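Bear in mind that the values in this text are calculations on the coordinates, not laboratory data. Just so we're clear, the structure is a prediction, and the values are computed from it rather than from any experiment. We place every Cβ from the backbone using ideal geometry, glycine too, and count neighbours over all the protein chains shown.
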Amino acid sequence: MARKRAATKNAVEGGQEQPGTDDVAAGGAPAETSSKDEKLSNKAYERELKKLHVDLVTMQQWVVKKGLKVCILFEGRDGAGKGGTIKAITERVSPRVFRVIALPAPTEREKSQMYAQRYLPHLPAAGEVVIFDRSWYNRAGVERVMGFCSDAQAQGFLQMVPLFERLMIDSGIILLKYWLEVSPEEQTRRLRSRIGDGRKPGSSPPWT
């Protein structure tokens, strides 16, 4: 049921930020959907969000009762709404069950470790849902683009990650991965809206 509601939420938002995301968390108006030039009203958004929150609370109870381990990854462009989406998800659930992980820049010691090693302590135990705001996929995306890793390191990651995630799944972890996308024009609009607004700190890779 939770997955169906998540799909409904994606369809409703159309890949755009809505109340509860970066724009509206700061008191802005809901953004326009990308597929049609239509606005989703606050009332319509809150109505859909309430249904999703009910499903999330139900899912939380199910995860605890069954001793499930759930790991959710959020990736996407800066300004795509990762932080706002995570904020909306965790608004009505228990922080003892749902944990949000947004790792800072790696230490010198962590840089010397196996790449995925620093993520391992944060993986879920029984009865937990762990949400990664950016994840090990940084190496295949931002790190490669910004020159923080070599092409050989990026290729090595691409060979390693299916095995790493297979180990996670074989251990009983339910792994869900989401990519949030906006157009370059919409991204530019959102990033420009942060300039001079102290409530919207600039989004940047965690190691900068």
(message) Let me make sure I get this right: for segment 36-91, a, b and c are the square roots of the gyration tensor eigenvalues over alpha carbons, sorted descending. Under 1.5 in a/c it's rounded, otherwise prolate if a/b > b/c, else oblate. Which is it?
(response) oblate
(request) Write down, largest first, the equivalent ellipsoid semi-axes of segment 47-151 in whole Å, where each equals the square root of 5 times an eigenvalue of the alpha-carbon gyration tensor. (result) 29, 18, 9
(message) Order these by the 10 Å Cβ neighbour count, fewest first: 145, 129, 57, 97.
(response) 145, 57, 97, 129
